[in-house]
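Visitor: Handing you a structure now.
The values are calculated or read from the model by the stated rules, or taken from the named source; none is laboratory data. Everything quoted here is computed from the prediction, not taken from an experiment. Here the Cβ positions follow ideal geometry from the backbone for every residue, glycine too, while neighbour counts run over all protein chains shown.
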Amino acid sequence: MVRTPDECFADIPDFGYEPRYVEVDGLRMAHVEDGPADGPVVLCLHGEPTWSYLYRHMLPILAGAGLRAVAPDLIGFGRSDKPTDPDAYTYANHVGWVSGFVDALDLRGITLFCQDWGGLLGLRLAAERPADVARLVIANPALPTGTSPSEGFDFWREFSQAVDPFDAGALVQQASYRTLSDAEVAAYNAPFPDASYQAAARRFPLLVPVTPDDPAVPANRAAWAVLEQWTKPALTLWAPNDPVLGNLQAEFRDRIPGAAGLDHRTFEDASHFLQEDLGPDLAQATIDLIATTP
């Protein structure tokens with residue numbers, strides 16, 4: 001296990017949050033928070049290869065509306081501990097770590113904002129612990145059950161294993177609509193001072209269950225069985241120009257009963273990392289959902 005030195009995060013722009021830590025399965029898991037401690041919880045789950053920094057444009061707006069915005073760093077990312085053995089990273093382990101995080105903070109009545117792997121994990125969390133999740137905000141994830149979500153994902157999966165060096169900042173820039181500053185690009189590279197810290201980032205694309213014999217397929221099918229009966233609010237906020245997952249909005253909007261009648265939105269001026277492109281818009285849509293679905 002490695003832990004990114006604190007000095008790597010010394011010059012992160014526009015992210016003045018003090019990290020907080022909990023222990024999950026013997027690993028230190030980091031998170032940041034904004035807003036009142038007794039406010040309704042919005043749990044913001046990032047994906048690959050980002051960290052809680054991705055939510056810097058959303059956290060203060062959510063907090064300003066009286067919400068408790070919580071953004072963890074998944075194990076292997078950000079300030080959280082990083083096992084160096086790739087085999088430590090399984091889909092089931094990641095779901096367990098997120099579930100353990102929720103218990104460590106005793107989060108209940110959660111409005112779940114999930115994007116990319118944040119959705120593969122968060123939607124499993126919602127399906128396996130529905131009593132703890134009040135609403136879903138679904139922004140460009142997937143929940144595969146044995147087939148690939150797109151040709152774009154197939155390309156990414158292959159590219160992610162071949163590219164050297166694995167430049168997280170450049171990858172986020174490539175999958176964002178707006179141009180990031182050099183400091184922002186560097187912030188995405190900060191958790192990974194060298195390749196020994198990148199085991200999770202390398203492994204994540206291989207964990208997406210795109211073949212019928214993948215060990216995660218039964219659990220994802222079970223999750224869909226719950227989601228297809230889910231009547232609590234489920235809002236989709238989507239970037240159709242995302243080359244990896246831009247084609248999946250209708251799958252969530254049409255299969256989840258709780259999506260009916262909500263103000264689903266598509267954003268043409270955004271790509272895979274919507275939080276980088278339109279964070280304030282996403283935050284306001286989340287606030288509006290909570291206000292209209294008490």
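Visitor: Just checking, how many residues over the range 51-82 are under 16 Å from the mean Cα position of the chain (by Cα), of a type outside the set (Val, Ile, Thr) and either on the phi > 0 side of the Ramachandran plot or crowded, with 24+ Cβ neighbours inside 10 Å (or both)? Can you show your working first?
Guide: As a first pass, look at the range 51-82 and keep what is under 16 Å from the mean Cα position of the chain (by Cα): 51-59, 69-80.
In the following step, the residues that additionally are of a type outside the set (Val, Ile, Thr) were identified as 51-59, 69, 71-74, 76-80.
Now restrict to residues that are either on the phi > 0 side of the Ramachandran plot or crowded, with 24+ Cβ neighbours inside 10 Å (or both): 51-55, 58-59, 69, 71-74, 76-80.
Number satisfying all stated conditions: 17.
Visitor: Then there is this: Just to verify a result, which residue in the range 1-21, among those that are assigned to a strand (DSSP E or B) and of a type outside the set (Lys, Arg), is nearest to residue 193 (Cα to Cα)?
Guide: If we take residues in the range 1-21 being assigned to a strand (DSSP E or B) and of a type outside the set (Lys, Arg), then 2 is nearest to residue 193 (Cα to Cα).
Visitor: While we're on this one: When the range 243-276 is examined, which residues are found to be crowded, with 19+ Cβ neighbours inside 10 Å and part of a helix (DSSP H, G or I)?
Guide: Within the range 243-276, 249, 252, 259, 274, 275, 276 qualify.
Visitor: Additional query: For the range 22-44, what are the residues that are among the acidic types (Asp, Glu) and outside any strand (DSSP E or B)? Please lay out each step first, then the result.
Guide: So the first thing to find is which residues in the range 22-44 are among the acidic types (Asp, Glu), and the list is 23, 25, 33-34, 38.
Result: 25, 38.
Visitor: For the range 138-167, what are the residues that are surrounded by 24 or more Cβ atoms within 10 Å (Cβ to Cβ) and farther than 22 Å from residue 217 by Cβ?
Guide: 139 - this is the single residue of the range 138-167 that is surrounded by 24 or more Cβ atoms within 10 Å (Cβ to Cβ) and farther than 22 Å from residue 217 by Cβ.
Visitor: Let me ask something additional. Being at pLDDT 95 or above and surrounded by 22 or more Cβ atoms within 10 Å (Cβ to Cβ) narrows it down to one residue among 85, 116, 25; which is it?
Guide: Just a single option satisfies the conditions, and that option is 116.
Visitor: Would it be correct to say that residue 41 is under 30 Å from residue 209 (Cβ atoms), in contact (Cβ under 8 Å) with a residue 12 or more places away in the chain, surrounded by 22 or more Cβ atoms within 10 Å (Cβ to Cβ) and out of contact with any Pro (no Cβ under 7 Å at 6 or more places or on another chain)?
Guide: yes
Visitor: Under 7 Å between Cβ atoms, which residue pairs at least 6 apart in sequence (or on different chains) link something in the range 93-104 that is in contact (Cβ under 8 Å) with a residue 60 or more places away in the chain and closer than 18 Å to residue 215 by Cβ with a partner that is buried (at least 22 other Cβ atoms within 10 Å of the Cβ) and hydroxyl-bearing (Ser, Thr, Tyr)?
Guide: From residues that are in contact (Cβ under 8 Å) with a residue 60 or more places away in the chain and closer than 18 Å to residue 215 by Cβ, there are no pairs.
Visitor: Restricting attention to the range 99-114, does a residue exist that is in a helix (DSSP H, G or I) and touching a Gly at 6+ places or on another chain (Cβ under 8 Å)?
Guide: No - not one qualifying residue is present in the range 99-114.
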